[in-house]
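Novice: My questions all concern the structure below.
The values are calculated or read from the model by the stated rules, or taken from the named source; none is laboratory data. The model shown is predicted, which means the values in this text are computed figures rather than measured ones. Positions of Cβ are backbone-derived with ideal geometry, glycine not excepted, and every protein chain shown enters the neighbour counts.
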Amino acid sequence: MSKRMFVLDSNVLMHDPACLFRFQEHDLYLPMMVLEELDNNKKGRSEVARNARQASRFMDELMSDMSQAEIEQGLPLNIHVHATSNGHVENEKLIGRLFFQTVSYRNTLPEYLPGNLPDNNILGTTLALQSEFTETRVTLVTKDINLRIKAAVLGIHAEDYHNDKVLEDVDLLYTGSYELNKDFWDTHAKEMDSWMEEGRTFYRIQGPEVSNWSPSEFLHSGEDGFESIVRSVEDQEAVIETIRDYSSSNHSVWGITARNREQNFALNLLMDPEIDFVSLLGMAGTGKTLLTLAAGLQQTLDDNRYAEIIMTRVTVPVGEEIGYLPGTEEEKMTPWMGALMDNLEVLTKTESGGDWGRAATNDLLSKRIKIRSVNFMRGRTFLNRYIIIDEAQNLTSKQLKTLITRAGPGTKVICLGNIAQIDTPYLTETTSGLTYVVDRFKYWQHSGHVTLLRGERSRLADYSSEVL
């Protein structure tokens, strides 16, 4: 493939500062307006501001000890810190160069596009580069879809920033369950071993289908009702364990029973002390929050496995902002925790003792359930806690990394979300942090994932989810 030149928009740098090192052998070009926008957005403690400052640091390191003539010739992108797409840092020498705008490109835009607007200024610079570098394909890279539309109208080749995409298609996302073929037992039962440990049944299975499994993935067979979880996979040999049936009242969790197969899978993960990280995906009404809270209360109040439940979520509004909220951190977060309050009402309404009993229960729960803001998580370490991250689809991969790495010994982290309802700008189903962690954790035996398919809220909610 021939060498290309990519013109970077400021929103790409503020989304991923390490994008400077992700274009392999190709050249990068930064219009002066992009540097102005980085400077305008560098103040504050938001993720955008931090990324703007980090992008400036990378550029400062690249041009360290460089003369003006060397800068005009392009800075070699062989910085010693190279962040790869999988998050690792490697030493890699790249042959691409970083160019800055050092000349003025005026009157390159049509009269109907005012050049004093930042986006139009970048379009004008890109048009001038196309005319100057006729043998090189010049591409504008931006996460602003309207800017890409304007570029296409002007004949400029424009692309979205694809490096942060976990998958090409969200339909390829790991679901956490695997349906066995009808002839599975005929082809895999020949060399199968089975044994019991502490009332649990294990099987050691060999065969070609084993290579398709992941640790903590659920296996199910529609014909005989067989359901199990993969405990370990090595080459074409796997150890699986039959799961507990939480659909019966004898095995309820804080009064809640599983209403479908996926909910039963979720409860098995949530109640398993060997699973440190759980991610649950599903549309509204599938029971993500209810199941997670029930399991947390059971293990915190009854089993004393965790000291307390910590619940947090990103504060991205669906509609217009309603202004500042009064009170402490927990009081400010309360309006965002409607899902928590609604589900606690369901979980406590069956308690005996009338109004006095419910008041005593609510007082106990308020002491064991803490609501925390995402903004104050950095630098903390949570020991022996049950952490629930709600609406995780609105978090970036870096934000989720910050939250998950807060977990200390004895802590369990649960991420909940619906990737079809993303409210954060520049995040899509394939670039959401929730999609990222589901894909990255699927091969770790101490993590598990379930995609909940069936809504259990009400027939109205189920029907509206399908037709609206």
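Novice: Show the residue pairs meeting these rules: Cβ distance below 8 Å; 6+ apart or different chains; first residue within segment 370-387 and under 17 Å from PHE277 (Cβ atoms); second residue of a type in the set (Val, Ile, Thr) and part of a loop (DSSP other than H, G, I, E, B).
Specialist: PHE382/THR411; LEU383/THR411; ASN384/THR411; ARG385/THR411; TYR386/THR411; ILE387/THR411
Novice: Check off (1) outside the structural domain of THR286 (by TED's automatic domain parsing); (2) touching a helix residue (DSSP H, G or I) at 6+ places or on another chain (Cβ under 7 Å) for GLN263 and give me the number that stays unchecked.
Specialist: In the conditions (1) outside the structural domain of THR286 (by TED's automatic domain parsing); (2) touching a helix residue (DSSP H, G or I) at 6+ places or on another chain (Cβ under 7 Å), GLN263 misses (1) alone.
Novice: Something else now. Does LEU109 fit the bill of being in a loop (DSSP other than H, G, I, E, B) and surrounded by 19 or more Cβ atoms within 10 Å (Cβ to Cβ)?
Specialist: Against the criterion (in a loop (DSSP other than H, G, I, E, B) and surrounded by 19 or more Cβ atoms within 10 Å (Cβ to Cβ)), LEU109 qualifies.
Novice: While we're looking at this one, here's another question. Tally up the residues in segment 429-462 that are among the charged types (D, E, K, R), in contact with a Gly (Cβ under 7 Å, 6 or more places away or on another chain) and either assigned to a loop (DSSP other than H, G, I, E, B) or at pLDDT 90 or above (or both), please.
Specialist: 2
Novice: Out of all the residues in segment 138-145, is one or more outside any helix (DSSP H, G or I) and either of a type in the set (Gly, Ala, Ser) or without any contact (Cβ under 8 Å) to a residue 40 or more places away in the chain (or both)?
Specialist: Among the residues of segment 138-145, not one is outside any helix (DSSP H, G or I) and either of a type in the set (Gly, Ala, Ser) or without any contact (Cβ under 8 Å) to a residue 40 or more places away in the chain (or both), which makes the answer no.
Novice: Could I ask something else about it? Go through segment 146-171 and give me each residue that's out of contact with any helix residue (DSSP H, G or I) (no Cβ under 7 Å at 6 or more places or on another chain) and farther than 26 Å from ALA18 by Cα.
Specialist: Residues satisfying the conditions are ALA152, VAL153, GLY155, ASP171.
Novice: Need at least 2 residues that are touching a His at 6+ places or on another chain (Cβ under 8 Å), at pLDDT 95 or above and within 24 Å of GLY410 (Cα to Cα) per element, so show me which strands (runs of 3 or more DSSP E) inside segment 219-286 make the cut, counting only ones lying wholly within it.
Specialist: 277-282
Novice: Moving to a separate point now. In this structure, does LEU434 turn out to be outside the structural domain of ARG45 (by TED's automatic domain parsing) and more than 23 Å from ASP169 (Cβ to Cβ)?
Specialist: Judged against the criteria, LEU434 is not a match.
Novice: Hey, any hits in segment 174-181 for a residue that's among the acidic types (Asp, Glu) and either assigned to a strand (DSSP E or B) or farther than 24 Å from PRO114 by Cα (or both)?
Specialist: Checked segment 174-181: at least one residue is among the acidic types (Asp, Glu) and either assigned to a strand (DSSP E or B) or farther than 24 Å from PRO114 by Cα (or both).
Novice: Now for a separate question. Answer with yes or no whether THR108 is modelled with pLDDT under 80, more than 27 Å from ALA152 (Cα to Cα) and assigned by TED's automatic domain parsing to the domain that holds HIS26.
Specialist: no
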